[in-house]
1. Return the pair list, or none, for Cβ contacts closer than 8 Å from residues in region A:183-201 that are in contact (Cβ under 8 Å) with a residue 40 or more places away in the chain to residues that are of a type in the set (K, R), at least 6 apart or on different chains.
2. State whether one or more residues within region B:207-220 are within 12 Å of another protein chain (Cβ to nearest Cβ) and closer than 30 Å to A:P76 by Cα.
3. Answer yes if at least one residue in region A:42-57 is surrounded by fewer than 23 Cβ atoms within 10 Å (Cβ to Cβ), hydroxyl-bearing (S, T, Y) and within 14 Å of chain B (Cβ to nearest Cβ), and no otherwise.
4. Residues that are in contact with a Ser or Thr (Cβ under 6 Å, 6 or more places away or on another chain) and not acidic (D, E): list the helices (runs of 4 or more DSSP H) wholly contained in region B:216-322 that include at least 2 such residues.
5. How many residues does region C:254-268 hold that are more than 7 Å from chain B (Cβ to nearest Cβ) and surrounded by 15 or more Cβ atoms within 10 Å (Cβ to Cβ)?
6. Does any residue in region A:85-113 that is under 14 Å from B:V200 (Cα atoms) come within less than 7 Å, Cβ to Cβ, of a residue that is of a type in the set (S, T, Y) and modelled with pLDDT of 90 or more six or more places away or on a different chain, and which pairs are these?
7. Restricting to region B:228-249, and then to whatever is surrounded by fewer than 24 Cβ atoms within 10 Å (Cβ to Cβ) and of a type in the set (A, V, I, L, M, F, W, C), can you tell me which residue is nearest to B:Q159 (Cα to Cα)?
8. Confirm whether B:T55 is more than 10 Å from every other protein chain (Cβ to nearest Cβ), surrounded by 24 or more Cβ atoms within 10 Å (Cβ to Cβ), in contact (Cβ under 8 Å) with a residue 24 or more places away in the chain and among the polar types (S, T, N, Q).
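The values are calculated or read from the model by the stated rules, or taken from the named source; none is laboratory data. Keep in mind that this is a model prediction, so the values were computed, not measured. Counting neighbours? That spans all protein chains shown, and the Cβs are built from the backbone with ideal geometry, glycine included.
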Amino acid sequence: MNTNDAVILRVENVSKRFGGLLALDRVTLSVKQGEIFGIIGPNGAGKTTLFNVINGVYPPTEGRIFFRGEDVTNLPPYELARRGLARTFQVVRPLGELTVRENVIAGACFGREHLPLEKAERIADEMIEFVGLGARKEMLASKLNVAQKKRLELARALAARPIVLLLDEVLAGLNPHEISDMLTVIRQIREQGITILMIEHLMHAIMNLSDRVFVLDYGAQIAEGTPQEVSNNPRVIEAYLGDPDVARRFLEGTV
Amino acid sequence: MHTLKSPFFWIVLIVLSALAALPVLTNSTAMREDMFLILMLMILASSINIIMGYTGYVSFGHIVFFGLGGYVAFFLTREFQVHFVLAALVGGICASTIAFLIGLPVLRLRGAYFALATIGINEAFRAFFTNFEPWGGSVGMFFNIAVYDAYGGAKNAGQLAYYAMVGLALVTVATSFLIKKSRFGLGLMAIREDQDAAMVLGVHPARYKVITYTISAFFPAMAGAIFFFKNGLIEPGPAFELHRSIEALVMVMLGGYGTVTGPIVGAIVYERLRGFLITDPTLSNAHLVIAGVMLLLIVLFMTAGVVGWVRQRVPALRRYLE
Amino acid sequence: MNLEGLLASSIDGLMLGFVFGLMAMGLTLIFGVMKVINLGHGPFIVMGMFAILVMSQLGINPYLGLVVVIVMGLVTGAIVYFVAVHRVINAPELTTLLATFSVNMMLIGALTIIFSTSPRGLDLELPSFRAGAVTVLGTRLVAVLVAIAVTVILYWFLYRTRIGKSIRAVANNRDAAELMGINSTWVLALSFGIGTMLAMVSGGLLATLFSFTVLSGAGLETKSFVIVVLGGLGNPTGALLGGIIIGLLESVTTIFVPVSWVPVFEFVIFVLILLFRPTGLLGAR
């Protein structure tokens, strides 16, 4: 665990409005290099919106984003990609008519290192093996099942050799066996020095994996700290009890 | 470069050259006329494939570049006795420049809006040229037969035009290949599949689309220049005939969009079929109906076209059949 | 060029504009409900023209014939929907564009076989009206009245009847409409039918005003595109407004510039609107 204290990503007072809806309310957070930073919150809390703002998909209504010290607030997604920010999507977005291999090559070609085709192909092959999709290299992306598509997204993001990786519910829809495989992979990614921000609903996973956790509810921060601190925070418990599914699981003791 | 090592690349070029050489070897003017037209359609279809098949942007009015190239080159050859190949090159450059300037704003539109805009652009240019008296207005321009003397007479000029068309077809196909197998081409296809995801990966969509559109305008323009040079007459109607670009689209769909060989196959099959239908006495009136039915069947059941279908059914071939 | 001439042209243009508006409404309705651009629009207009022609040759009054045309339009449209559009309704734009274009090819081909491409005209004599120095052709006036009547009926249908509301519901959100128990497939087929019906009726009206050929549809189709974009894709009121504007534009500008320059203006406006205000004057739906 090589975490030094350098802040690699800073979100400062970011708000995002969509018409009358305030999706993000003065969110401020700092992510240190090399850490795994978890983001949790009930459904609709604004987690994916936060990623979209960090990533450049939408500009924030207010606030600033700093990546490695540089103000990247209004830059479009491809500029963020060039600077070393990669991302997976909550609802997977494979490039359907291209093969798995072509998808990952695309990740390598246009990411931080902006590699030429031959080098990109070699990196792509490595990443495909790393996520375990080697046998399906030549399959069309649209023909994969959900778990495989998630792995494809991951490989594609990794092929860009990012400095910071944004994972949006990468465990959703996976069975326990697949989850445990994915957790191992995520740990291996961190060991390579990549900083990870993860949105996740699976409590045991994110609590186990994260160095620090940030909790969003209705677009605003309600807690931040180590997994221990956050899970004992009464405001967090209240926010989740408002979520009937979690309340039930609290009662069952499976949270 | 990567592509030049691919054997398929050379196979396609050689086969195409062989086909093109047939009329010369057999000294058949009829066959040469036939091939001339097919090559021209191949060039149109391949160019549309470059913008549509690779990026997914449907340029319905693409024929506008055919007309623009034709008019510019015709004017240069007629007024300044510029050699027709040079005039064609200038025509190509003019068309590409216009594509670049128009492309910048227009390519920001998505889907149907872009398609409609390209139709509007074609119609605007056609209406303009119909009124532009210095270049013939609605009557168009024509060559005094003496123009061909510089080329050794009209017959010789026809021969030369044929060779030029062959050369252009080879260059177009080669370019289509090079784009497809390059990193640039991968970026285009990412845009086609999911433009927003492509942006997140790091692709700069506006830049890529505009460059592609500019390239895709060059070849139809030169084809138009060569065609009208040989024709000796250029009029706004035939130069900007919307139907022709739609036919080119059909050829791309028939053969398989997003592939290099698709437009080639599509052009050949479509033209052969059309020729057959028109010359057959019972079917000639029905050719439009039959073509329409064919198009509908392809659209409903075989969207990937002939080449695409083969690639899907025989995955092993996918790597080799581009 | 004098004020009376200007007035006469304006009135003429305004009236034609109503008919054009009706024509464009069909196209915009189909787009509004199912996001499909019906490239078969032109041939349907032509079908309407020829239907009226045939009926008048059979001795039926062309205006009564319009009732037949309405039924024909609905039925043909629904059939075309099921044959060509239904399967690909969720596919990307190119697919539906090509599907409707194939219908275009088939219809033009069939019409050419039946009627050939020679020009046709209806011999329709109606009294003209004079108000001061302005002469209003009887045929024009009736055409406008019919166009307005059809428009009013359409609006009543869309906003006051249950079926009309279900069309608007499907246009708004197809899945939600299904959840509310609306059979969206039939609604889509009906909408397509209404769209083609409007095209055919306007064709019928145009036949009473001008001579025409099988190939007249192409120019009218591109004119419809311009009107639809001008008014806002998917917005029927916009189409009417756009039609009126284009009608006025065409009549009035011919006073100042040769008539052949008018298309240049139209298409330049068309492209400019797409670029700078793609939602059109009244906003797309």
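1. Close Cβ pairs satisfying both conditions: A:T195/A:K32; A:I196/A:R190; A:I199/A:K47.
2. For region B:207-220, residues within 12 Å of another protein chain (Cβ to nearest Cβ) and closer than 30 Å to A:P76 by Cα: present.
3. yes
4. On the way: elements: B:236-239, B:242-255, B:261-279, B:287-301, B:305-313, B:315-318.
Filter on region B:216-322 gives B:261-279, B:287-301.
5. First pass over region C:254-268, keeping only residues more than 7 Å from chain B (Cβ to nearest Cβ): C:254-259, C:262, C:265-266.
Then drop every residue that is not surrounded by 15 or more Cβ atoms within 10 Å (Cβ to Cβ), which leaves C:254, C:262, C:265-266.
Result for region C:254-268: 4.
6. A:Q90/A:T48
7. It comes out as B:L233.
8. Working: more than 10 Å from every other protein chain (Cβ to nearest Cβ): yes; surrounded by 24 or more Cβ atoms within 10 Å (Cβ to Cβ): yes; in contact (Cβ under 8 Å) with a residue 24 or more places away in the chain: yes; among the polar types (S, T, N, Q): yes.
Here the answer is yes, as B:T55 does meet what is asked.
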